[in-house]
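The structure appears below as structure tokens.
The values are calculated or read from the model by the stated rules, or taken from the named source; none is laboratory data. Everything numeric here is computed off the predicted structure, so don't read it as measured data. Reconstructed Cβ throughout: ideal geometry from the backbone, glycine too, with neighbour counts over all protein chains shown. Side chains included, ligands, DNA and RNA excluded: accessible areas come from the protein's heavy atoms. Shrake-Rupley method; radii C 1.70, N 1.55, O 1.52, S 1.80 Å.
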Amino acid sequence: MTINSVNLLDEGRALSLISSDGRTTRFHAIWLRDNALDAHTRAVGSGQRLVTLLDYPEDIRIESASTNGQSLAVRFLPEGKEVSFPAAWLAEHCYDREESRPKGWTGEAISRWGSDLAPTIPSVDFTNAKNDRRALGRWLHSVRRYGFALMTGVKPESGALLEVAALFGYVRETNYGRWFEVRSEVNPINLAYTGLGLQAHSDNPYRDPVPTLQLLACLENSAEGGDSMVVDGFKALETLQQENLGHFDLLAGYPARFEYAGSDGIRLRAKRPMIELGPDGELLGLRFNNRSAAPFTDIPFDEMTDYYAAYRHLAEIIERPESEVTFKMAPGELFIVDNTRVLHARKAFSGAGSRWLQGCYADKDGLLSTLAAIEEGLPEAAE
């Protein structure tokens, strides 16, 4: 953006900029002062503020403002403080805009999908991701965009998936340990090793906060069947909105309850809506796990029948063939899912053989931080 002119508004409590494309944008004096980029206001390097909001005068105003086209210079009263803002920075952080966003919107970084993703599942080789930051960046970008990606070339050894998590962040340890076993055998001696299929679900909805990433690595898979399956929960919710907006509103408007009490000394409980929206209607997450659902006690009597109809409707959409991407995992392969968005499942299997996967949890903020560092070319991202 190139700034053509600047004008003071409301006795200096705000200003307006006219850019070269004729667009007008406004900024408040207090906002500009709070976001000053000088070394006295923000620490060099981290960018963290060195002052608090109470360190500024309550009735802060702009005495004068000028531009050379590429930057804006501002002098504040009563401090007499002078600061400068790059025009590009102001354009990136502009908040003077009118937006009419539908409930359940997502940003441009997210692409929703169904079975159409199957031919082009994003994937990377572990060694390439480890040795080439650009290859790792492309893989992390896919996780951000699709909430799901594959990796090949992982050592089919116990605990090897931790090396994958270390590429972008840290393992989130839970009561299940740093990693957990998903080991099933046909004709098992113990029902814990069942070959029954699992409905598409998100993991650990009974936690607050819920683990935001899950990694599953295959060590052995000689069974017939047992294919893995993923479903884009955000796409399923888009379909739910289109088919019955009232059902979407019910699942977003009332909290569900989830719990886990499967081990001695463990009682995990959470009260959250199945569909989580931000204050501006942004779609933030989906918690869907029938096995871990506790009795719903926060839906009014007159709404309970409709709530269950909405719950059933969403479950039916999730199980439609056009919603799923299915693939057979081989030893040395791994997949990662955004556990706040993408549901995962397993088809039933029978016949001779066994199936052994290991899983772990990680946090999405670490992944997004590493991705941002790669995209911005920060030196530490190349180490």
All positions within segment 107-145 that are polar (S, T, N, Q) and in a strand (DSSP E or B): 123
Boolean, residue 153 is in contact with a Phe, Trp or Tyr (Cβ under 6 Å, 6 or more places away or on another chain) and either within 30 Å of residue 172 (Cβ to Cβ) or loosely packed, with under 12 Cβ neighbours inside 10 Å (or both): yes
Residue in segment 265-277 that is touching an Asp or Glu at 6+ places or on another chain (Cβ under 6 Å) and either at pLDDT 95 or above or more than 14 Å from residue 207 (Cα to Cα) (or both) present: yes
Subset of segment 74-99 (residues that are among the hydrophobic types (A, V, I, L, M, F, W, C) and part of a strand (DSSP E or B)): 74, 76, 77, 83, 85
Selection count, segment 346-364, where residues are within 19 Å of residue 176 (Cβ to Cβ) and part of a strand (DSSP E or B): 9
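To keep it simple, each residue is scored yes or no on (1) assigned to a loop (DSSP other than H, G, I, E, B); (2) in contact (Cβ under 8 Å) with a residue 24 or more places away in the chain.
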residue	(1), (2)
37	yes, yes
57	yes, no
72	no, yes
103	yes, yes
Residue within segment 232-255 that is of a type in the set (Lys, Arg), within 13 Å of residue 288 (Cα to Cα) and touching a residue at least 24 places away in the same chain (Cβ under 8 Å) present: no
Criterion violated by residue 104 - all others in (1) surrounded by 12 or more Cβ atoms within 10 Å (Cβ to Cβ); (2) at negative phi; (3) modelled with pLDDT of 95 or more satisfied: (2)
Count - residues of segment 1-28 that are open to solvent by 40 Å² or more (accessible area, probe 1.4 Å) and among the hydrophobic types (A, V, I, L, M, F, W, C): 4
Per-region count, segment 156-173, residues surrounded by fewer than 16 Cβ atoms within 10 Å (Cβ to Cβ) and either under 21 Å from the mean Cα position of the chain (by Cα) or aromatic (Phe, Trp, Tyr) (or both): 3
Filter result for the condition that a residue is outside any strand (DSSP E or B), touching a Lys or Arg at 6+ places or on another chain (Cβ under 8 Å) and either of a type in the set (D, E, K, R) or modelled with pLDDT under 95 (or both), over 63, 11: 11
All strands (runs of 3 or more DSSP E) inside segment 213-311 with 1 or more residues being of a type in the set (Ser, Thr, Tyr) and surrounded by 15 or more Cβ atoms within 10 Å (Cβ to Cβ): 228-232, 255-260
Residue in segment 15-25 that is at pLDDT 95 or above, within 14 Å of residue 77 (Cβ to Cβ) and of a type in the set (Gly, Ala, Ser) present: no
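Condition check ((1) among the β-branched types (Val, Ile, Thr); (2) within 33 Å of the chain's Cα centre (by Cα); (3) open to solvent by less than 80 Å² (accessible area, probe 1.4 Å)) across all residues:
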position	(1), (2), (3)
30	yes, yes, yes
64	no, no, yes
70	no, no, no
78	no, no, no
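Taking only segment 130-147 into account, find how many residues are small (Gly, Ala, Ser), in contact with a strand residue (DSSP E or B) (Cβ under 7 Å, 6 or more places away or on another chain) and in contact (Cβ under 8 Å) with a residue 24 or more places away in the chain.
Within segment 130-147, residues that are small (Gly, Ala, Ser), in contact with a strand residue (DSSP E or B) (Cβ under 7 Å, 6 or more places away or on another chain) and in contact (Cβ under 8 Å) with a residue 24 or more places away in the chain number 1.
Could you say which residue among 333, 376, 324 is open to solvent by 30 Å² or more (accessible area, probe 1.4 Å) and at pLDDT below 95? Walk me through it before giving the result.
Working: 333 fails: at pLDDT below 95; 324 fails: at pLDDT below 95.
After ruling out the rest, the residue left standing is 376.
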